[in-house]
Amino acid sequence: MERSTDASIDAKTGEDAAWFVDRTRKFKAELDALTVARLKTSADQYAAITAGMRDSKKELEDVVKDIENMVKTAEIASKVAAAFTKIIALL
């Protein structure tokens, strides 16, 4: 008798049925192993993505600080220019 999923339907002996049950358990074990491997891979990918997001957030925070410093510098420069304008007007 051919050993396949069709054989389980037409199983004529206990041996045929036992073979099918054994084969089904092996397939289930293989599927479980693949599922675990996929979940581990997904977790690894997720960790890499979150690490990249964390790095990007840090870079953005650094850019924000740089922009804040530039704004402060521009405000100071504006005040200095206004003061020079007043001094020149007095001369």
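The values are calculated or read from the model by the stated rules, or taken from the named source; none is laboratory data. No experiment lies behind these values; they were computed from the predicted model shown. When we count neighbours, we look across all protein chains shown, and the Cβ atoms used for this are built from the backbone with ideal geometry, even at glycine. Side chains are part of the model used for accessible areas, which takes the heavy atoms of the whole protein and leaves out ligands, DNA and RNA. Shrake-Rupley method; radii C 1.70, N 1.55, O 1.52, S 1.80 Å.
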Largest-first principal axis extents, alpha carbons of the stretch 8-68, Å: 81, 14, 6
Expressed in angstrom, Rg and Dmax over the Cα atoms of the stretch 41-91 are 22.0, 75
Over what distance in Å are the Cα centres of the stretch 52-91 and the stretch 27-51 separated? 48 Å
Report the charge-dipole magnitude of the chain in Debye, nearest 20, computed about the Cα centre from +1 at each Lys and Arg Cβ and -1 at each Asp and Glu Cβ. 540 debye
Can you tally the net charge around V63? Count Lys and Arg as +1, Asp and Glu as -1, for every other residue whose Cβ sits under 14 Å from the Cβ of V63. -3
Kindly report the accessible area of the chain per residue (heavy atoms of protein chains, probe 1.4 Å, no ligands, DNA or RNA), in Å². 89 Å²
